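Taking it in order: structure first as structure tokens, then the write-up.
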Amino acid sequence: MLAGIVAVALALHAASALAQTGSGGSEPLPNPVLNPGSPWWFEGFVVQAPAGEDWASFSKDGRSAELGRKYDDGCSAAIVIDSMRFDDGILREDDLLRVTRRAESTPSEPRSMKLLDYAQHASTPKGVLCVDASARFDDQRSQYDAPGTLVVYSRRCVRPDRPEIVVALRFAERIAQPDAAATLADAATAFFASLRFVPPPSPVLAQARTAIGNERGQEAIDLLQPAADEGDTEAALFLGTAYLYGSGIAADYDAARKYLELAAQDGRRDALYNLGAIYDKAIGVPRDAQQALKWFGLAADQRDAQAQLNLALLHLHGDGVLTDFRTAEQWLRRAAGNGSKRAQGILASGRWKPPEQ
């Protein structure tokens with residue numbers, strides 16, 4: 001459980017490196033968040049990206065994410081999103097309180113950090129068992145130029161449909177003076193309130209996949225459409241993708257866009273990317289580069305390498321937007337850092353540079 005506070009410390013260290021990190025740096029390449037407050041999807045839950053400017057992500061997958069923010073005065077802040085499994089499950093409030101205290105009151109580096117104060121309380125927002133905690137640490141770690149105080153707010157909630165899964169949200173801020181007030185308490189509260197658990201996948205999804213595989217497309221539509229229309233974004237994503245690519249059913253681009261937009265409301269990255277592709281490639285709609293930029297940008301915020309590559313190519317070729325080699329390079333480096341082989345190849349070849357270079 002010590003990994004909880006260690007993750008906060010690592011994210012804060014990454015946040016402090018925002019200003020000097022480059023393509024050859026040892027830190028993860030930061031990806032600036034273009035769309036504050038937009039929904040981000042994880043396995044079983046959704047949170048909104050933090051409000052405010054200058055946040056950047058350092059990692060993102062289906063279960064976790066790390067974000068950081070640096071200030072001109074040398075202070076830094078971080079957000080860590082994580083989900084963890086407990087074999088015995090967390091069934092009682094006392095269990096969650098104990099787990100939270102163990103994780104959030106323990107300094108990551110006992111030799112250079114000391115707990116100053118700690119508080120926690122249980123609550124049940126929307127009927128979900130949660131524990132909110134706050135901790136302050138005297139922070140003398142050597143990677144910082146001067147001593148400071150690390151303030152950590154956290155919320156842990158038990159996933160309603162799977163009590164063995166606990167989602168942890170942590171919002172940390174490093175301030176220069178021990179008596180200074182933390183400035184992001186309200187932002188942390190809003191961030192925690194954005195946590196929303198999504199229902200487990202409906203059994204009709206498995207039935208629909210079987211129907212598609214057996215070329216019973218109408219059966220799949222009949223199974224998925226009611227669920228999607230009632231807000232099941234997993235069903236909406238499946239149905240929208242099937243309509244877009246004609247996978248087992250006749251392609252219907254209007255229906256594809258409708259259901260992908262439903263899925264996009266939960267920040268489903270595949271839906272965001274496919275909507276960008278629809279407008280980029282004029283699939284059933286007139287080509288609209290600005291709409292393509294919008295949807296690719298939302299997917300890029302969640303470190304989707306293909307969306308980042310597409311943003312680079314749009315700016316590199318001036319394809320519906322002004323040619324911007326600097327912006328193209330930035331997106332190429334982000335895409336390459338997230339595993340895009342094509343972006344890595346373009347960077348290695350120098351094909352992204354202006355003609356005069």
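Grab the Cα-Cα distance for residue 261 and residue 341, subtract it from 0.36 nm times how many residues apart they are, and report the gain in nm with one decimal.
Numbers: separation 80, 0.36 × 80 = 28.80 nm, distance 2.88 nm.
Stretched out fully, the residue 261 to residue 341 stretch lengthens by 25.9 nm.
Helix 203-213 versus the longest principal axis of the chain: what angle, 0 to 90°, nearest 10, using Cα atoms?
The angle comes out near 40 degrees.
I need 57, 38, 123 ordered by Cβ neighbour count within 10 Å, fewest first.
Values: 57 25, 38 16, 123 12.
Result, fewest neighbours first: 123, 38, 57.
State whether the stretch 47-145 is rounded, prolate or oblate according to the following rule on the C-alpha gyration tensor (a ≥ b ≥ c being the square roots of its eigenvalues): a/c under 1.5 gives rounded; otherwise a/b larger than b/c gives prolate, and the remaining case gives oblate. Mind dumping the intermediate values first?
Numbers: a/c = 1.98, a/b = 1.31, b/c = 1.52.
Judged from the Cα gyration tensor, the stretch 47-145 comes out oblate (a/c at least 1.5, b/c at or above a/b).
Just grab the label-to-label distance for residue 92 and residue 294, each label 7 Å out from Cα along the Cβ direction, in nm (one decimal).
5.2
Which of rounded, prolate, oblate describes the chain, given a ≥ b ≥ c as roots of the alpha-carbon gyration tensor eigenvalues and a/c under 1.5 marking rounded, otherwise prolate only if a/b is larger than b/c? Can you show the working numbers first?
Details: a/c = 2.58, a/b = 1.26, b/c = 2.05.
Since a/c reaches 1.5 but b/c is at least a/b, the shape of the chain is classed as oblate.
Only sites in a loop by DSSP and with at most 16 other Cβ atoms within 10 Å count here; which GluC sites (Glu not before Pro) in the stretch 89-178 make the cut? Each step should come with its number before you reach the end.
Working: sites: 93, 104, 164, 173; in loops: 164.
Those that pass, being in a loop and sparsely packed, are 164.
In debye, nearest 20: dipole of the stretch 203-349 around its Cα centre with unit charges on the Cβ of K, R (+) and D, E (-)?
Details: 15 positive and 19 negative charges, 153 e Å.
That gives a dipole near 740 debye.
For a 32 Å ceiling on Cα separation, which of these pairs sit above it: 70/258; 258/353; 70/281; 126/281; 70/353?
Working: 70/258 39 Å; 258/353 39 Å; 70/281 37 Å; 126/281 41 Å; 70/353 29 Å.
Checking Cα-Cα distances, 70/258; 258/353; 70/281; 126/281 exceed 32 Å.
Tabulate in residue order the Karplus-calculated ³J(HN,Hα) for the stretch 40-46, using 6.51 cos²θ - 1.76 cosθ + 1.60 with θ = phi - 60°, rounded to whole Hz; enter x for Gly and Pro.
After applying 6.51 cos²θ - 1.76 cosθ + 1.60, I find 10, 9, 10, 5, x, 7, 10 Hz.
Once a ≥ b ≥ c are taken as the square roots of the eigenvalues of the Cα gyration tensor of the stretch 203-349, is the result rounded (a/c under 1.5), prolate (a/b larger than b/c) or oblate (a/b not larger than b/c)? Intermediate results must be reported in sequence, preceding the final value.
On the way: a/c = 2.49, a/b = 2.14, b/c = 1.17.
Since a/c reaches 1.5 and a/b is larger than b/c, the shape of the stretch 203-349 is classed as prolate.
At a Förster distance of 56 Å, what's the computed FRET efficiency of residue 325 paired with residue 206, Cβ-Cβ distance as r, to 0.05?
Values: r = 48 Å, r/R0 = 0.85.
Computed FRET efficiency for residue 325 and residue 206 comes out at 0.75.
How far is helix 305-317 tilted off the main Cα axis of the chain, in degrees rounded to 10, range 0 to 90?
70
Every number here is computed from the coordinates shown, using simple stated rules; none is lab data. Just so we're clear, the structure is a prediction, and the values are computed from it rather than from any experiment. No Cβ is skipped: glycine too gets one built from the backbone with ideal geometry, and neighbour counts run over all protein chains shown.
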